[in-house]
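Remarks on the structure that follows.
Here, each number is a calculation from the coordinates, and none is a lab measurement. Everything numeric in this text was worked out from a predicted model, so none of it was measured. Virtual Cβ from ideal backbone geometry, glycine too; neighbours counted across all protein chains shown.
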Amino acid sequence: MRWVPGSVTAANAAAVVHQHAPNTPLVFTGIAVDVIALGWADSYARPGGMMTGNVQNAVGGEEAITTKRIDLFKELMPNLTRLGMIGFANSSLANLEHNGLREAASRLGFEVLRYDLQWPSLDGLDDAVAEGLSDDVSAFYIAGLFVVLGRVPQLVASVAKSGRPICGVYPEFARAGCLMSYSVDLEYGFRLTGRQVAKILQGAKPGDLPIEQADRFTLVINLKTAKALGVPVSDKLVTTADELIE
């Protein structure tokens, strides 16, 4: 494989590129891990080495973001007793989300059941939903995975047939029919990488550019879905939401 003099990566691609080309400049985005713990950087202020970029959450990583997401969903669904997670086998991201859900579940008093697909295929999705209904889940949670973003409408439509509320990750999920989504502003993250790439092209060393942490999070509530499901949305959540689908 031939590597270019530098790379811009999203999500898990950063680890792959770093492994194969550790001595070339790399700017990453779309990850929610502690890059210091991974050995990618000496510090966030001055990473050193050949990597820099931006992270979704330096403290707590994806687990912390998932916990916040489900806290918001529980406000919408105060009677939530059993949550069915549509996950993806062998996905480190889905595993982190599962950990976050379990932490929130123990604190908020509901149960988490997990139903895995063999990503990126959606084969088995109908069976997973049917199993969730058999287990009498109150709602479904669809794990985030960049590789399925192009198939979000199909994914959401299949789960929505269950008639259960759905919590998604990225705004695209709520726009496609999920009751709610909460995540960082992915587009903003890519703009940050562009700014860092420009500095590198102007002569800056990646290791001298601070790794930035996301400071923009987007809560999307689909009022149309809420009305169809008979889920009341409080004035507090309406005013808190960054985007309302009507």
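Given a Förster distance of 22 Å, report the FRET efficiency between ASN99 and SER138 from their Cβ-Cβ distance, rounded to the nearest 0.05.
Computed FRET efficiency for ASN99 and SER138 comes out at 0.60.
Give me the lysines in straight-line cross-link reach of LYS227: C-alpha distance below 29 Å, same-chain residues under 8 apart excluded.
LYS227 reaches LYS68, LYS74, LYS161, LYS236.
Calculate, in nm to one decimal, what ASP126 and PHE217 gain on full extension: separation in residues at 0.36 nm each, minus their alpha carbon distance.
Separation in residues times 0.36 nm, less the Cα-Cα distance, equals 29.7 nm.
Divide by every residue of the chain the summed helix terms, -39500 (n - 2.57) for each DSSP H run of at least 4, and state the resulting mean residue ellipticity at 222 nm, rounded to the nearest 500 deg cm²/dmol.
Theoretical 222 nm ellipticity from helices: -11500 deg cm²/dmol.
I'd like the distance between the alpha-carbon centres of the range 189-222 and the range 118-168, rounded to an integer number of Å.
Cα centres, the range 189-222 to the range 118-168: 31 Å.
Say each of LEU113 and ASP242 gets a label point 7 Å from the Cα, pointing the same way as Cα to Cβ; how far apart are those two points in nm?
So the label points at LEU113 and ASP242 sit 3.3 nm apart.
Which is farthest toward the positive dipole end of the range 96-246 among PRO206, ALA104, LEU117, measuring Cα position about the Cα centre, with Cβ charges +1 (Lys, Arg) and -1 (Asp, Glu)?
My answer, from the dipole projection, is PRO206.
Looking at GLY163, LEU76, ASN95, which one has the Cα that reaches farthest to the positive end of the dipole of the range 73-173 (charges on Cβ: Lys, Arg +1; Asp, Glu -1)?
Projecting each Cα onto the dipole axis, the largest value belongs to LEU76.
Where in the range 1-102 are there chymotrypsin sites (Phe, Trp or Tyr not before Pro) that are in a DSSP coil and have at most 12 other Cβ atoms within 10 angstrom of their Cβ?
Working: sites: TRP3, PHE28, TRP40, TYR44, PHE73, PHE88; in loops: TRP3, TRP40, TYR44.
Sparse-neighbourhood loop chymotrypsin sites (Phe, Trp or Tyr not before Pro): TRP3.
Can you pull out the trypsin sites (Lys or Arg not before Pro) in the range 203-246 that DSSP calls coil and that have at most 16 other Cβ atoms within 10 Å?
For trypsin sites (Lys or Arg not before Pro) across the range 203-246 that sit outside H, G, I, E and B with at most 16 neighbouring Cβ atoms in 10 Å, the list reads ARG216.
Only residues of the range 68-100 count here: report those whose backbone N is under 18 Å from the spot 7 Å along Cα→Cβ of ASP235, or say none.
Under 18 Å, as judged by backbone N against the label point of ASP235, lie 76 of the range 68-100.
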